[in-house]
């Protein structure tokens, strides 16, 4: 009976995912990914589905459980050994950009009056890998769907600008393929945007940018674990302030309950891909399935989010995303210059 209740919401999310994937395929350049398209279609449908409970159970399941399964599957496309070889060069740049995102993002979020969950989702999307990072972090901090939608929108808008401006700036600066690939791979947000930006400069830059971006994706692991513990600490603090006793706090807010177990699945599949020779067709299929499930999950998040609820925050989240993204672009370039790569 419970499975039957899940079906309407799951099917609706999947149908939106198919529509979004088709619309993405029609674009000559991947300026906007299927995940963002699906989220906005879902938000549009939210207006008509308001008050209709038949889809709610399946939508929640898709946005939470299927989203985590999609992230686990993503692990099989990440060969840790290969990525770490590229990571030797990009590690220093990534350290500085991540510090900029989460350090600078904390103060900028405070100054703009954003809640800490939305602020850090925007920082995670900017610093790591767009939608995948936002999805992974949102799963451990109990983020509202509105927070996720804002974070996705903020990172997407900046990516649209960067796809156009990055190659122009790279040529103006006389950057080599490797230097530009490193810059794009560490400063542009979403994977599809990195690929589009890199290959717009040159084939060599596109290849290198893709590998750098995959290296960035690995930082999902420590980031998600760190935020799981931050969320646990804040929950315990709130429980203490509300008058809960130590036994209740221990039972309700234990490390076992809060730990992001799906990250272990992600790591396990990455380990399999690194140790064993997985056929390229299998890896490609798994990555396609993972991406599609993530698109379906973002469709479900859109279905749970209304434009009216997003209006309450105004333009502050977009401003947050713009400032952080601009800082990352500048910091990544300065670190490359200091390393003598440009």
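The values are calculated or read from the model by the stated rules, or taken from the named source; none is laboratory data. The structure presented is a predicted model; accordingly, all values stated were derived computationally and were not measured. Note: ideal-geometry Cβ built from the backbone for every residue, glycine included; neighbour counts use all protein chains shown.
Of note:
- Among the criteria (1) at pLDDT 85 or above; (2) surrounded by 18 or more Cβ atoms within 10 Å (Cβ to Cβ), the one residue 281 does not fulfil is (2).
- Flag for residue 215 being closer than 26 Å to residue 136 by Cβ, touching a helix residue (DSSP H, G or I) at 6+ places or on another chain (Cβ under 7 Å) and at pLDDT 80 or above: no
- Put simply, of 53, 113, 109, 58 the only residue that is within 30 Å of residue 22 (Cα to Cα) and touching a residue at least 40 places away in the same chain (Cβ under 8 Å) is 58.
- Condition check for residue 107: within 18 Å of residue 15 (Cα to Cα) and over 18 Å from the mean Cα position of the chain (by Cα): no
- Extreme residue, modelled with the lowest pLDDT, among residues of segment 45-54 that are in a helix (DSSP H, G or I) and more than 13 Å from residue 301 (Cβ to Cβ): 49
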